[in-house]
1. Have a look at 188, 212, 218 and point out the one that is closer than 30 Å to residue 166 by Cα, among the hydrophobic types (A, V, I, L, M, F, W, C) and either under 26 Å from the mean Cα position of the chain (by Cα) or at pLDDT below 95 (or both).
2. Would you point out which residue out of 162, 143, 172, 177 is in contact (Cβ under 8 Å) with a residue 24 or more places away in the chain and among the aromatic types (Phe, Trp, Tyr)?
3. Would you pick out the residues in the stretch 83-96 that are part of a helix (DSSP H, G or I) and either among the aliphatic types (A, V, I, L, M) or surrounded by 13 or more Cβ atoms within 10 Å (Cβ to Cβ) (or both)?
4. Could you grab me the full set of residues in the stretch 62-82 that are assigned to a helix (DSSP H, G or I) and either among the acidic types (Asp, Glu) or surrounded by 17 or more Cβ atoms within 10 Å (Cβ to Cβ) (or both)?
5. In the stretch 160-172, is there at least one residue being closer than 30 Å to residue 250 by Cα and surrounded by 11 or more Cβ atoms within 10 Å (Cβ to Cβ)?
6. Find all pairs meeting these conditions: Cβ atoms under 7 angstrom apart; at least six residues apart or on different chains; first residue within the stretch 190-210 and of a type in the set (Gly, Ala, Ser); second residue exposed (fewer than 12 other Cβ atoms within 10 Å of the Cβ).
7. Looking at the stretch 112-127, which of the residues that are assigned to a strand (DSSP E or B) and touching an Asp or Glu at 6+ places or on another chain (Cβ under 8 Å) is farthest from residue 100 (Cα to Cα)?
8. Restricting attention to the stretch 59-66, does a residue exist that is at pLDDT 95 or above and under 20 Å from residue 114 (Cβ atoms)?
Amino acid sequence: MKLKLSRPLAFFDLETTGLQIATDRIVEIGIIKAMPDGSIEKYAQRINPTIPISDESYSIHGISDEDIKDMPTFADIANELNNFFGNSDLAGYNSNKFDIPLLIEEFIRADIEFDVKKRRLVDVQNIFHKMEPRTLKAAYKFYCNKSLENAHSAEADTMATYEILKSQLDIYEDTEYTDKEGKVTKPVTNDVQELHNFSYNLRNVDLVGHIVFNNKKVEVFNFGKHKSKSVEEIFRKEPSYYDWMMKANFPLSTKKVLTAIKLRGFNKGSLNFG
């Protein structure tokens, strides 16, 4: 369906050094500006972020520090980029939560006023999630074509989950899945180990994912000021961070993982307990 536009609608996406709005930077931006007459204009540029790209982000977009060391900084292209956006409304995928706030941070650092108050913001992910809710009730209707009676009673929800998995095994039998590395498999099989491998985030070190493995199989923080940094290395350099986490409101299961890492470092002679 052709878009009905009264002014341009700029679809854009960012590749970044990480996921922290306040501290991470843009390494690549792509824009497709849909015009009211049906034509489109394109803009794409890699950017030198002036800070290192995290291992986690590199594993997603494949852009290295070396790839962009000779690219212009955001400040170098900020005026050009602002002019290209013009008075466009903005659209993206998860853009309201991530791309737009981070883009505005970059414009602020470049001392350019990029006001979104007069722009309309279209987040395609939000439309997707609202129209295709990821609830047990919605999944039961989709996979089993049944209405979930007594939703939120433990027995009814458990039976629905059981039936959904059996339906998934039927629907996705021999269905191919391509992962982020381009590896193609048929993961939804009638094998609990294979289902575990596919449905569980194997990067998680603790259950909730506060600590994850990086590409080198090293435990790193997945949050906060030390995001993507080695847990053992931080505990060695900043022992008080371990103390803070043990006193803070983290799950007990996470604290057990932290203590195991701390003890391992202590036994290697690289850590102490203050």
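1. Details: 212 fails: closer than 30 Å to residue 166 by Cα; 218 fails: closer than 30 Å to residue 166 by Cα.
It is 188.
2. Details: 162 fails: in contact (Cβ under 8 Å) with a residue 24 or more places away in the chain; 172 fails: in contact (Cβ under 8 Å) with a residue 24 or more places away in the chain; 177 fails: in contact (Cβ under 8 Å) with a residue 24 or more places away in the chain.
Exactly one residue qualifies, and that residue is 143.
3. Of the stretch 83-96, the ones part of a helix (DSSP H, G or I) are 83-85, 95-96.
Within the stretch 83-96, 84, 85, 95, 96 meet the criteria.
4. Step one: filter the stretch 62-82 for residues assigned to a helix (DSSP H, G or I), giving 65-68, 74-82.
If the condition is that a residue be assigned to a helix (DSSP H, G or I) and either among the acidic types (Asp, Glu) or surrounded by 17 or more Cβ atoms within 10 Å (Cβ to Cβ) (or both), then 65, 66, 67, 68, 74, 76, 77, 78, 80, 81 are the ones that fit.
5. Residues of the stretch 160-172 that are closer than 30 Å to residue 250 by Cα, as a first pass: 161.
Among the residues that remain, those that are also surrounded by 11 or more Cβ atoms within 10 Å (Cβ to Cβ) are: 161.
The answer is yes; a qualifying residue exists.
6. Pairs that qualify, where the first residue is of a type in the set (Gly, Ala, Ser) and the partner is exposed (fewer than 12 other Cβ atoms within 10 Å of the Cβ), are 209/201.
7. Restricting attention to the stretch 112-127, the residues satisfying the condition of being assigned to a strand (DSSP E or B) are 121-123.
Filter once more, keeping what is touching an Asp or Glu at 6+ places or on another chain (Cβ under 8 Å): 121-122.
Numbers: 121: 9, 122: 11 Å.
Per the stated criteria, the residue is 122.
8. no
The values are calculated or read from the model by the stated rules, or taken from the named source; none is laboratory data. Keep in mind that this is a model prediction, so the values were computed, not measured. Neighbour counts run over all protein chains shown; Cβ positions are idealised from the backbone, glycine included.
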